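Below is one structure, written out as structure tokens; the observations come after it.
Where a number appears in this text, it was derived from the coordinates with a stated rule and is not lab data. What you are looking at is a predicted structure, and each value in this text was computed from that prediction instead of being measured. Glycine also receives a Cβ, built like all others from the backbone with ideal geometry; neighbour counts cover every protein chain displayed.
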């Protein structure tokens, strides 16, 4: 199991449920085929749009419709996970233990009274170039990053109503397999 990979989007087909007691992820319906999707031990599963519910590390691909996860620590403050979307990536495992990037990603405390968003994104070379020249929140290059790779991002609205974006390249390198994060890092 590697500490990170370069694939931002390993798999995300269909919907799942997570049993927090048994540490099992199960598909809803027949759309997901985990056993043939290229999912590996050590991949990160982010559960819910924007990691609404939490995240975990995959420990086994049990079948076409079931995965095992290492821990439920990334699902803090919730008792159940209803049928929802998900995304599996090769993001760096060490950021999962970093309280700065811990799910849920939308927080109401921090630099301002407005929600603070934190997340880790796989940003490829094309997205680096586009982010440097794209205006977001009235600010050109708001999501500009120093290098392609795994990038930690924090956004908030300051006391003057201005969008603030802070980024940190966690692992520099080439990213493949574009995830559905194009609202922040467009192609």
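On the principal axes of its alpha-carbon atoms, segment 106-172 has extents of 33, 23, 13 Å, going from largest to smallest.
What is the calculated FRET efficiency for residue 24 to residue 49, with r their C-beta to C-beta distance and R₀ = 22 Å, to the nearest 0.05? Each step should come with its number before you reach the end.
Values: r = 21 Å, r/R0 = 0.96.
The computed FRET efficiency comes out at 0.55.
Mind pulling the per residue volume of the convex hull built on the Cα atoms of the chain? Å³ is fine.
On the way: hull volume 20.6 nm³, N = 187.
Normalising the Cα hull of the chain by residue number yields 110 Å³.
What full-extension length gain, to one decimal in nm, is calculated for residue 126 and residue 140 as 0.36 nm per residue of separation minus the Cα-Cα distance? Working shown, then result.
Values: separation 14, 0.36 × 14 = 5.04 nm, distance 1.66 nm.
That works out to 3.4 nm of additional length.
When only C-alpha pairs under 8 Å and at least 6 residues apart count, what is the relative contact order of the chain, in percent? Computed over the chain, the figure is 21 percent.
Here the extension length gained between residue 36 and residue 160 equals 39.6 nm, from 0.36 nm per residue of separation less the Cα-Cα distance.
With Cα atoms as the point set, segment 15-97 shows a radius of gyration and Dmax of 11.4, 33 Å.
Here the relative contact order of segment 128-171, from alpha carbon pairs under 8 Å that lie six or more residues apart, stands at 33 percent.
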